[in-house]
1. Spelling out what I want: for every residue of the stretch 138-146, take phi, set θ = phi - 60°, compute 6.51 cos²θ - 1.76 cosθ + 1.60 (Karplus), and round to whole Hz; glycine and proline get x.
2. Please check which bits of the stretch 108-149 a label hung off Val407 would reach, taking the label as a point 7 Å along Cα-to-C-beta and the cut-off as backbone N under 17 Å.
3. Calculate the FRET efficiency for Glu20 and Phe41 from the Cβ-Cβ distance with a Förster distance of 25 Å, rounded to the nearest 0.05.
4. Give me a comma-separated list of calculated 3J(HN,Hα) values for the stretch 205-211, in order, Karplus coefficients 6.51, -1.76, 1.60 applied at θ = phi - 60°, integers in Hz, x for any Gly or Pro.
5. With charges set only on the Cβ (+1 for Lys and Arg, -1 for Asp and Glu), what does the dipole of the stretch 64-135 come to about its Cα centre, in debye to the nearest 20?
6. Measure up Lys144/Lys367; Lys92/Lys175; Lys389/Lys422; Lys115/Lys362; Lys123/Lys175; Lys72/Lys109 against 24 Å on the Cα-Cα distance and list the ones that go over.
7. Quote to one decimal, in nm, the extra length available between Val164 and Asp141 on full extension: 0.36 nm per residue of separation minus the C-alpha distance between them.
8. What are the ³J(HN,Hα) values, in whole Hz, obtained from phi via the Karplus relation 6.51 cos²θ - 1.76 cosθ + 1.60 with θ = phi - 60°, for each residue of the stretch 251-267 in sequence order, with x given for Gly and Pro?
Amino acid sequence: LGGSITRALQQMSNATIIDEKVLNECLNEITRALLQSDVQFKLVRDMQTNIKKIVNLDDLAAGHNKRNIIQKAIFNELCKILDPGKPAFAPKKGKPSVVMFVGLQGSGKTTTCTKYAFYHQKKGWKPALVCADTFRAGAFDQLKQNATKAKIPFYGSYMESDPVKIAVEGVERFKKENCDLIIVDTSGRHKQEAALFEEMRQVSEATKPDLVIFVMDSSIGQAAFDQAQAFKQSVAVGAVIITKMDGHAKGGGALSAVAATKSPVIFIGTGEHMDEFEIFDVKPFVSRLLGMGDWSGFMDKIHEVVPMDQQPELLQKLSEGNFTMRIMYEQFQNILKMGPIGQVFSMLPGFSAELMPKGREKESQAKIKRYMYMMDSMTNEELDSTNPKLMNESRIMRIARGSGRQVRDVMEMLEEYKRLAKIWSKMKGLKIPKKGEMSAL
Ligand code: GDP
Ligand code: MG
């Protein structure tokens, strides 16, 4: 796909005159590429119309930045499709919420339920899992195994065949046990059929979920829209999770799922393991869809805002890929100052969505400062190491005491470090493009 779009834009920039015909050819080429990425035909067609309205031929004819103008227009249009205009219901820590997962069999519901629970557990929540899939033999065993591995309480039955009864019992039990995130896994059966949707409607009516999450396999193709719409018609879907983003699919179906459910994508699954789960970030997702790579915007930003004399040192650190606590500390300092380097880091996928969600800047700053206080109680050896094993129990207790914090706060900070180190390690050995090279697709 990337190749195809690059080619289209390349041809366009080689054309001496940019007239409507050239623009149309270019847009048709891009349309084909997006269809191959499983973006729904109707969405692509609408986008094409919008772009023609936005892109002013006179600007293009003037000769500069043709590719940039079109690229930006496409990028923005795709981002717009992924933004349904209102955020998903956000459960609150300490307040009981019921979250129901729906989706076809094999889409990754059971796996994703556990990932979602584990993700919140690491942040100090008390999640619990309820298996309301009584259709597939082995469903309860699978959930039990996952839950046991993550030490998350679970509820289900080998005997009971009524999913509504189990769902209600499970939710009641975990409410009594003061769990704040009660997750109901459901059956998907094998295809879209009336009985499945009726079952979802009943489970939802009986458990009154605060949020219904639609789980979709990224490789579903053009079927995404109808599938998402069918679920939306039987239950109040309020968020989407796209799974198997580690595979070949670019995930263009996500755009259909958002359009059909009018709900945002909140997470993506990137592997079979419990921690292969990321907060959904629109811009890197669209970059990938367009074959631009996750890092292009980031690299552009480095060249744009970091003072020339500081660029080599920063790029050197990035390409070495070793993320120490000290580097994390320095980047936190930069972010708090919001100087040029801070701006760059706030753009890194993972830094931005997770650490500094939009509209919660004050909270994020307080969190970053809290982390830094704790790191102030660490030794130089600890700060310069990339090996978190150095942090044994007694060290963690010392750091907590030294900074007037709880052990779980230190654990949270270490989790954050591990998460950022993982993102950072993807930069290892990266060939750093020279200024200007990245602005072309
Ligand atoms: P369910 O039928 O909807 O509950 O789906 P499951 O959770 O049982 O998942 C079906 C298969 O997809 C399993 O083999 C999972 O390991 C796999 N799976 C789920 N999510 C992901 C993902 O993000 N990446 C990959 N590679 N595999 C996944
Ligand atoms: Mg399942």
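Read-outs throughout are calculated quantities, based only on the coordinates presented, and are distinct from any laboratory measurement. Since the structure is predicted, the reported quantities are computational estimates derived from the model, not experimental observations. Glycine gets a Cβ as well: all are built from the backbone with ideal geometry, and neighbour counts include every protein chain shown.
1. Each residue of the stretch 138-146 in turn: x, 4, 5, 4, 5, 5, 4, 4, 4 Hz.
2. 122-125
3. 0.65
4. So the Karplus estimates, Gly and Pro as x, are 5, 7, 9, 6, x, 6, 8 Hz.
5. Values: 13 positive and 3 negative charges, 82 e Å.
So the dipole magnitude of the stretch 64-135 works out to roughly 400 debye.
6. Too far apart for the 24 Å limit: Lys144/Lys367; Lys115/Lys362; Lys72/Lys109.
7. Details: separation 23, 0.36 × 23 = 8.28 nm, distance 1.85 nm.
Between Val164 and Asp141, full extension yields an extra 6.4 nm.
8. Once θ is set to phi - 60°, the couplings for the stretch 251-267 become x, x, x, 4, 5, 5, 4, 5, 5, 6, 9, 6, 10, x, 6, 10, 9 Hz.
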